1. Before we move on, is A:Ser67 within 30 Å of A:Val16 (Cα to Cα), surrounded by fewer than 17 Cβ atoms within 10 Å (Cβ to Cβ), hydroxyl-bearing (Ser, Thr, Tyr) and away from chain B (no Cβ under 11 Å)?
2. Could we say that A:Ala171 is within 13 Å of chain B (Cβ to nearest Cβ) and farther than 25 Å from A:Arg212 by Cβ here?
3. What single numbered condition from (1) assigned to a helix (DSSP H, G or I); (2) more than 19 Å from the chain's Cα centre (by Cα) fails to hold for A:Leu83?
4. Against the condition in contact with a helix residue (DSSP H, G or I) (Cβ under 8 Å, 6 or more places away or on another chain), modelled with pLDDT under 85 and of a type in the set (S, T, N, Q), how does B:Ser302 come out, does it pass?
5. Would you please name the residue that is surrounded by the fewest Cβ atoms within 10 Å (Cβ to Cβ), looking only at residues in the range A:88-102 that are farther than 19 Å from A:Pro145 by Cα and out of contact with any Phe, Trp or Tyr (no Cβ under 9 Å at 6 or more places or on another chain)?
6. Starting from the range B:294-316, take each residue that is within 18 Å of A:Ile104 (Cα to Cα) and within 11 Å of chain A (Cβ to nearest Cβ) and list its partners that are surrounded by fewer than 23 Cβ atoms within 10 Å (Cβ to Cβ) and among the basic types (Lys, Arg), counting only C-beta distances under 8 angstrom and pairs at least six apart or across chains.
7. Condition first: within 7 Å of another protein chain (Cβ to nearest Cβ) and either within 18 Å of A:Ser149 (Cβ to Cβ) or of a type in the set (A, V, I, L, M, F, W, C) (or both). Now tell me which residues in the range A:72-87 satisfy that.
Amino acid sequence: MKGTPMLLHLQDVWKVYQMGEVEVPALRGITVEIRKGDFVAIIGASGSGKSTMMNLIGCLDLPSKGSIFLKDRDITKMSESDLATLRGRTVGFIFQQYNLIPSITAFDNILLPMEFLEYDDKTAHARATKIMKMVGLEDKGHHLPTQLSGGQQQRVSIGRSLAADPEIILADEPTGNLDSTTGKSIMEMFRKLWKEEGKTIIMVTHDLKLARYAHTVIELKDGQIIKIDNTR
Amino acid sequence: MKFRKAFKHALNMVLHAKIRSWLTILGIVIGVAAVISIVSLGEALQQDVSSQLGNLGGDILTLTAGRPRAMDFGHGRDYGGDASASEEEIVIDRTDLQALKGISDIMLIDTQIRGNAEIYYVAEKGSVTVNGVDPATWYQITTSEIAEGRMLGPADSNVIVVGGRIADGFFDKQLGVNQLVTIEERLFRIVGILDDTSNSVYMPIDIAYEILEDKEKGVYDSIVIKVKDEEQLDQAIANIEQKLMITRHATESTKDFTISSNKERQEQRAEMMSSMTTFLTAIAAVALLVGAVGIANTMFTSVLEKTKEIGIMKAIGARNNDILTIFLLNAGFIGFFGGLLGVILGIILSGFLPMLMGASGGMISRMGSAGSAMGLTTILLALGISVFIGMASGAVPAYQASRLKPVDALRYE
């Protein structure tokens, strides 16, 4: 991945949680660069700080200390509304629990990010239709999330993450709630997005088998990076 | 997010709301319905009063013997053993009539006496109120309308005009114009039937003196006066009072007659109605306030319930303002739906309320149409206020929702 432009840069990032009187550091001086077009797996045991790192990468949270540069912009110095828009345009989230809005249809769930980013209706509809086809759910658009299987819901959620055409797909244990066959098909979708669509994929997992799909593996332990393997 | 989209999502939230939200809406429904029905009831009553005011004529004054009622309150102690003795002497008679005739503000004078008498028709009998009136002026002064036949005329003697109830429903058989009835052993021909529901009989005053034996000729129960210029009513009253005080040798403190105007009576009634309406509206407003607290409560719970969704929305690009708009509109919709249902319920209630209050037949028919009489302004105002209450009570919860940190919101289960 050397030679491709830098997308994300964490510079001596600390995240400290206040638990009553005790300060618990979740991340301790993380410095890492993620380049455009990489497939990164962040692995580590539970409590190693990988979820915290994912929240920071996704601009859902701000570090206690240090800087995070997303496309050369320091997110710690941005206003809430600018950060929300940057997040919406640059990062597509995929969660273990799918996290679809239950009261609206699959199609509307895919439309939602484009509504927040104020796409015009025609473009948004055309794009959502295309995405529904891409994730193989063109006939399920009018279903509510609860009327879909876990695998189908995760595919809607992948569709939603692609809606605003972000550069980064950020996935948190994306197959955690799925059986192995469905999980495999989801991972194949990621590989396709990476290889064919040129998306940068960052995946947080504790499953070492999933990490094999990745190009770069970052291993965390006790809030520090203990190994970066980009030789795959 | 465009406002149109926020609107759609807020509406969707209400439509998918749990039963608790609908109970909250019910709170607003009851409040608005109470306010609407009470306000429209008040409006209708006031319309009723003012229509009577129009019918009865603001240019009509009634002169009766005795102290004005307002004076009684001030000098309540005057009512004693000797009061009844002196009251017998206080009358309105020919002297007063003569005095009135010299006043230029007066257009018409109708002397009246009133009493109960037995009426016979075929084999039936009943009791009616006999009104002896001046046949030369009564038809010009009275506000009653004739339904059938004609009014009394100056040359009439043994003829009567009867109230609508006597013609229809009083006897087994319906009475019509030109039919004969007996009142206190004297035969009368009906020349007119009034368009009202009264049990009254109107006849020339000279005949009435013969029918009502306890009445002394030349003494009147009341004198009804029509003034020339309604605009100058107060001046006319003052002139009449002044003149009568001179002829009756009375001073301000010993005044022994009362001049009441329809206008004054109606105004007093209207004032009483309006203060009563205000009072009831205040009670209804409390109901509305309780509804508002309900909305705030539901909104707080709703924000808690939707915390995770708020986190998701923020993760996929929602700004604080988008969340604020959606939740504020959601609260507005709760208010709107509550207001809408409340208006509908209020219109229905305002039709039924008078019946519950045991109003007279005429009132019910009038009030039944209160809904249609209720102005569009009232309805729009009620809706506007409901939306405002919804948004105002939803403001704090919506603000809290918008300020949630995405990472905390997402973690919420």
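The values are calculated or read from the model by the stated rules, or taken from the named source; none is laboratory data. What you are looking at is a predicted structure, and each value in this text was computed from that prediction instead of being measured. Ideal geometry is used to build each Cβ from the backbone, glycine not excepted, and the neighbour counts take in all protein chains shown.
1. Details: within 30 Å of A:Val16 (Cα to Cα): yes; surrounded by fewer than 17 Cβ atoms within 10 Å (Cβ to Cβ): yes; hydroxyl-bearing (Ser, Thr, Tyr): yes; away from chain B (no Cβ under 11 Å): yes.
Spelling it out, A:Ser67 is indeed within 30 Å of A:Val16 (Cα to Cα), surrounded by fewer than 17 Cβ atoms within 10 Å (Cβ to Cβ), hydroxyl-bearing (Ser, Thr, Tyr) and away from chain B (no Cβ under 11 Å).
2. Numbers: within 13 Å of chain B (Cβ to nearest Cβ): yes; farther than 25 Å from A:Arg212 by Cβ: no.
Judged against the criteria, A:Ala171 is not a match.
3. A:Leu83 satisfies all of (1) assigned to a helix (DSSP H, G or I); (2) more than 19 Å from the chain's Cα centre (by Cα) except (2).
4. Values: in contact with a helix residue (DSSP H, G or I) (Cβ under 8 Å, 6 or more places away or on another chain): yes; modelled with pLDDT under 85: yes; of a type in the set (S, T, N, Q): yes.
So B:Ser302 fits the description; yes.
5. Just the residues of the range A:88-102 that are farther than 19 Å from A:Pro145 by Cα, to begin with: A:88-91.
Filter again for out of contact with any Phe, Trp or Tyr (no Cβ under 9 Å at 6 or more places or on another chain), leaving A:89-91.
Numbers: A:Arg89: 17, A:Thr90: 22, A:Val91: 25.
Result: A:Arg89.
6. B:Gly311/B:Arg411
7. Taking the range A:72-87 first, the residues within 7 Å of another protein chain (Cβ to nearest Cβ) are A:80-81, A:84-85, A:87.
Result: A:Ala84, single match.
Yes or no, residue by residue, for (1) within 13 Å of chain B (Cβ to nearest Cβ); (2) within 17 Å of the chain's Cα centre (by Cα):
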| position | (1), (2) |
| --- | --- |
| A:Ile101 | yes, no |
| A:Leu117 | yes, no |
| A:Asp120 | yes, no |
| A:Ala124 | yes, no |
| A:Thr129 | no, no |
| A:Met134 | no, no |
| A:His142 | no, no |
| A:Ser161 | yes, yes |
| A:Ala164 | yes, yes |
